[in-house]
Amino acid sequence: MGSDAADTLGIGGIWRDPLWRVEVELSPLEQALLDSWPVRRLGFIAHAGAAALTTTQTYSRLEHSLGVLALVVHFAPHDALARATALLHDVGHLPFSHTLEGIDGLDHHDLGHARIRSMSTLLAHYGMDAEEVIAVDDGATASPLNSRPGGLKLDHLDSFLRSGQAHGRTRYLPSTLLERLRLVGGTVDTDERTGLELVRLAVSEARAQRSPANVTPVAVLRHLVTTALSGNHPALTVDELAVMTDDELLGALRAAPSTAEEAEAFRAHPLSWQLLAEQDPADAEDPGDAPVEHRITRSYLDLPTVDGELLDSPDAARLHGELPLIFLLRRR
């Protein structure tokens with residue numbers, strides 16, 4: 001009866017991922033995790049960050065985490081530790097995911113490990129050690145979730161294909177492409193034709209993250225949050241920010257006197273912020289009218305292997321070489 005709805009609740013003990021078309025028989029631990037707030041909260045966090053407000057990439061961190069679980073089940077169905085880590089690997093994300101990373105030193109890895117430790121009792125009830133989960137998440141323990149340096153891992157495989165579907169970039173159904181993939185030491189390995197398709201999707205994702213539709217909302221939201229956190233009587237504290245969902249943060253920004261007007265304007269008219277340039281702020285025409293600045297210092301461009309050898313990609317190398325990028329925006 002429930003098979004027509006891809007619920008994220010674990011109803012009936014089955015998860016059938018709509019992207020990968022992999023059916024997962026959920027363990028009692030996995031069902032308990034899906035009912036826990038740290039994992040449920042991911043359903044209210046956009047995987048694309050602030051770009052979810054301005055693009056068609058609107059799915060949640062929970063959908064992505066379930067996708068990574070489906071991939072682990074496809075390649076290593078009996079690895080209970082990797083399966084649990086797949087569901088928990090993103091629990092530390094701030095509202096709007098990577099958008100707010102680094103503000104006041106906030107790091108989703110540190111927050112995630114603290115939240116996994118807070119779930120120690122739940123995990124232990126099902127025979128799972130929180131520190132073992134953290135070791136897998138950290139890459140300290142070999143796992144289907146951890147790739148060789150520079151190699152494409154399951155986490156990013158799901159990201160590239162899920163984003164590709166949302167933006168209409170995919171040329172093949174992800175479930176069809178999955179049949180051509182192997183996992184070698186945690187790294188996605190395939191034939192050359194399929195490998196080049198995965199490279200194309202990774203490169204397209206990196207380009208999308210540098211587009212006005214992505215840069216504008218990310219820059220403005222970071223500006224609003226930084227404003228809300230500043231001053232003698234901040235409208236928001238770091239501790240409050242760390243546990244919020246996307247909707248809670250937007251509500252707080254629209255309610256705070258220091259950000260209300262800009263937050264409402266951004267919600268209604270994102271294009272009222274004009275992307276000026278990719279340059280150093282020192283080159284701005286009017287230094288007195290400080291623009292909103294956004295820096296991109298990292299792109300996720302891990303590549304698959306073909307028969308054990310990492311694919312070479314001039315496009316990926318060029319995108320790496322362009323970093324860091326500095327974007328400036330002003331409100332019209």
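Every number here is computed from the coordinates shown, using simple stated rules; none is lab data. Everything numeric in this text was worked out from a predicted model, so none of it was measured. Using ideal geometry, Cβ is built from the backbone for each residue, glycine included, and neighbour counts are taken over all protein chains shown.
Helical content alone sets the calculated 222 nm signal of the chain at -13000 deg cm²/dmol, taking -39,500 (n - 2.57) per DSSP H segment of four or more residues and averaging over every residue.
Each listed q (0.10, 0.12, 0.21, 0.23 Å⁻¹) maps to a log10 I(q)/I(0) for segment 212-331 from the Debye sum over equal C-alpha point scatterers, namely -0.43, -0.59, -1.18, -1.29.
Relative to the Cα centre, the charge distribution of segment 21-169, modelled as +1 at Lys and Arg Cβ and -1 at Asp and Glu Cβ, gives a dipole magnitude of about 440 debye. Dipole magnitude for segment 212-331: about 340 debye, using +1 per Lys or Arg Cβ and -1 per Asp or Glu Cβ, origin at the Cα centre.
Placing +1 on the Cβ of every Lys and Arg and -1 on the Cβ of every Asp and Glu, with no other charges, gives the chain a dipole of roughly 640 debye about its Cα centre.
Work from the charge dipole of the chain (Cβ charges, +1 for Lys and Arg, -1 for Asp and Glu, about the Cα centre) and give the residue of Ala80, Leu42, Ala140 farthest towards its positive end. It is Leu42.
Based on alpha carbons, the Rg and Dmax found for segment 60-179 are 14.9, 44 Å. Think of the chain as a dipole: +1 on every Lys or Arg Cβ, -1 on every Asp or Glu Cβ, centred on the Cα centre; then among Val218, Ala265, Thr8, Ala265 lies furthest on the positive end. Per the Debye formula on identical point scatterers at the alpha carbon atoms of segment 2-208, with no solvent, log10 I(q)/I(0) at q = 0.14, 0.15, 0.16 Å⁻¹ is -0.82, -0.96, -1.11. With the charge dipole of segment 2-208 set up from +1 on Lys and Arg Cβ and -1 on Asp and Glu Cβ about the Cα centre, the Cα lying farthest toward the positive end among the listed residues Ser204, Leu66, Leu178 is that of Ser204. Take each peptide in 140-146, 250-256, 120-126, count the other Cβ atoms within 10 Å of every residue, and average; sorted highest first, the result is 140-146, 250-256, 120-126.
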